[in-house]
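Read the structure below first, then the notes.
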Amino acid sequence: MKKKLIAGNWKMNGSIEANDALVRAVMAGLAGADCIAAVCVPAPYLSQLQVLRHGSALELGAQDVSAHEQGAYTGEVSAGMLKEFGVRYAIVGHSERRQYHGETDALVAEKARAALAHGITPIVCVGETLAEREADRTEEVVKRQLAAVIHVNGHCISEIVVAYEPVWAIGTGKTATPEQAQQVHAVLRSQLHAATPHSERVHILYGGSMNAGNAASLLAQPDIDGGLIGGASLKAPDFLQIIAAAGFSNA
Ligand code: 13P
């Protein structure tokens, strides 16, 4: 059985001082953890957190990546630049970027391509809004979002990570039930299965108000291979409890 992957998404939080304390506390509690752990940090802090580059028990991730290689794209950060800082993962298509920055399915697919070209694993986020769920459109929406990424990256699709993050569960304290999440994860798994013989290798993470209390029951589902953790990744004890739950569900 593959190890679970627990990735923290700090979003636009942190400071040099707070990052130092948080990373020290997480690293100190990681000994013996039976899962893959990572934190996706704001780009300016990548240089501060070089202790997490290659081979660290806690790996380094970014929250976004440009679809472009280099040039006149003010404010963008390329995959090549992230690679120089030892970045192992890059979130692409987070719902906050789709919603506030107008990112389309096609752009998200190009961002995944750029990451893969530099040996960075894209964590591709998909998920429906509350209105879409209530209109019974969940499957259609997540399949459309993933299909765009498969279309552009089909040849190496087993190299991506997928994160199912229902928009209505993000930062709201409302979590999908394990059954609701598993149902969508199974849909995504079968979509990957149709695209690659190696679909079992792909980590499909759940994200959206995952915390120390609900992690174990979510991670026990057959197609939930880990979590993408927002708020709870900013508190070392909570993040470590989720990591411990991931190891336990591997046993
Ligand atoms: P919360 O865990 O704060 O709900 O955020 C989830 C998320 O968006 C992770 O990318």
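A few remarks follow.
- Sole exception among (1) over 21 Å from residue 230 (Cα atoms); (2) out of contact with any Leu (no Cβ under 8 Å at 6 or more places or on another chain) for residue 118, by number: (2)
- Some residue of region 85-105 being on the phi > 0 side of the Ramachandran plot and either assigned to a helix (DSSP H, G or I) or in contact with a Lys or Arg (Cβ under 9 Å, 6 or more places away or on another chain) (or both): yes
- Residue check, residue 55 at pLDDT 95 or above, surrounded by fewer than 18 Cβ atoms within 10 Å (Cβ to Cβ) and out of contact with any Cys (no Cβ under 8 Å at 6 or more places or on another chain): no
- Residue that is of a type outside the set (S, T, N, Q), surrounded by 16 or more Cβ atoms within 10 Å (Cβ to Cβ) and under 16 Å from residue 247 (Cα atoms), where the choices are 181, 176, 212: 212
- Criterion applied to 226, 231 was being in contact with a Lys or Arg (Cβ under 8 Å, 6 or more places away or on another chain) and among the small types (Gly, Ala, Ser), and the one residue passing it is 226.
- Picking from residues in region 158-169 that are in a helix (DSSP H, G or I) and either within 16 Å of the ligand (Cβ to nearest atom) or surrounded by 23 or more Cβ atoms within 10 Å (Cβ to Cβ) (or both), the one that is farthest from the chain's Cα centre (by Cα) is 168.
- Single residue of region 116-133 satisfying the filter (farther than 18 Å from residue 95 by Cα and in a helix (DSSP H, G or I)) that is nearest to the chain's Cα centre (by Cα): 116
- Residue, nearest to the ligand (Cβ to nearest atom), within region 23-47, restricted to residues that are surrounded by 15 or more Cβ atoms within 10 Å (Cβ to Cβ) and in a loop (DSSP other than H, G, I, E, B): 42
- Test: residue 172 is in contact with a Gly (Cβ under 9 Å, 6 or more places away or on another chain), polar (S, T, N, Q), touching a residue at least 24 places away in the same chain (Cβ under 8 Å) and within 16 Å of the ligand (Cβ to nearest atom): yes
- Taken together, the residues in region 48-66 that are closer than 12 Å to residue 118 by Cβ and either in a loop (DSSP other than H, G, I, E, B) or without any contact (Cβ under 8 Å) to a residue 12 or more places away in the chain (or both) amount to 2.
- Some residue of region 131-146 being over 20 Å from residue 35 (Cα atoms), crowded, with 24+ Cβ neighbours inside 10 Å and within 11 Å of the ligand (Cβ to nearest atom): no
- Condition broken by residue 213, with the remaining ones in (1) outside any helix (DSSP H, G or I); (2) in contact (Cβ under 8 Å) with a residue 12 or more places away in the chain; (3) farther than 27 Å from residue 62 by Cβ; (4) within 16 Å of the ligand (Cβ to nearest atom) satisfied: (2)
- Residue count, region 186-199 (criterion: without any contact (Cβ under 8 Å) to a residue 40 or more places away in the chain and under 18 Å from the mean Cα position of the chain (by Cα)): 2
The values are calculated or read from the model by the stated rules, or taken from the named source; none is laboratory data. From a predicted model like this one, the values you see are computed outputs, not experimental measurements. With ideal geometry, Cβ positions are generated from the backbone for all residues, glycine too; neighbour counts draw on all protein chains shown.
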